[in-house]
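Note sheet for the following structure.
Every number in this text was worked out from the coordinates using simple rules, so none of it is lab data. Here the structure is a predicted model, which means the values were calculated and not measured. Counting neighbours? That spans all protein chains shown, and the Cβs are built from the backbone with ideal geometry, glycine included.
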Amino acid sequence: MFAKVSEAWEIIGDEAARAEYTDRVIHGKKTEDELAMEKVQEIMSAENDFKLGLGELNNGRILQAHEAFKAARDRLPEEMEFAAFYGYTLFKLNYGKDDMLANEGEQLIRVSIENGTKLSNGWALMGMLNHDKGELEVAKRALLTSLKLQPTNPIAQRELKRLQRRLEKDKESAPAAGIGGFFSKLFGKK
């Protein structure tokens, strides 16, 4: 009992402690520790949303990935990687349907690359975006930039292999230049 009275007297006697106590107990303001804990929880929630989005994107579920990346970006708008992935899914969902939203998605990736520090995934996403648009050489340069920043980037590695397969397929399907005309093609001679 004496300890509680002594503690109360210390709080009431000190002007700063009394103001802090009044703010916390009467006005409901949070302490610095409580505010820091809320920020940590917000970061953890954003990370969980982002990881969920990555899983959905890897499984080809673009709409679900988009929603998860949007939630992560809304929770932590200053995180450039979240904005880049959100931008890619925004582009992917709207490319060929709503050019304004698709361009907005592309701009989000560009801004993320410019403002993010060594954002390897941003370059990988830009490569994927250019691949989707059919700009294969630009896509290749973006993917190689991503791999220069992080040689073990699994997204860039996977997409570069996919791009190289497409380039080889396009090269094989292109008509052979040189000798041969209508009859050689008809009879299978080269």
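Okay, here's what the table says:
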item	result
FRET efficiency for LYS148 and LEU93, using Cβ-Cβ distance with R0 set to 25 Å, rounded to 0.05	0.30
Point-to-point label distance, ASP33-ARG141, nm (Cα→Cβ direction, 7 Å offset)	5.5
Relative packing of peptides 87-94, 163-170, 147-154, 106-113 - highest average C-beta neighbours within 10 Å first	87-94, 106-113, 147-154, 163-170
Charge dipole of the stretch 32-111 about the Cα centre (unit charges at C-beta), most positive-ward option of GLY87, MET100, PHE69	MET100
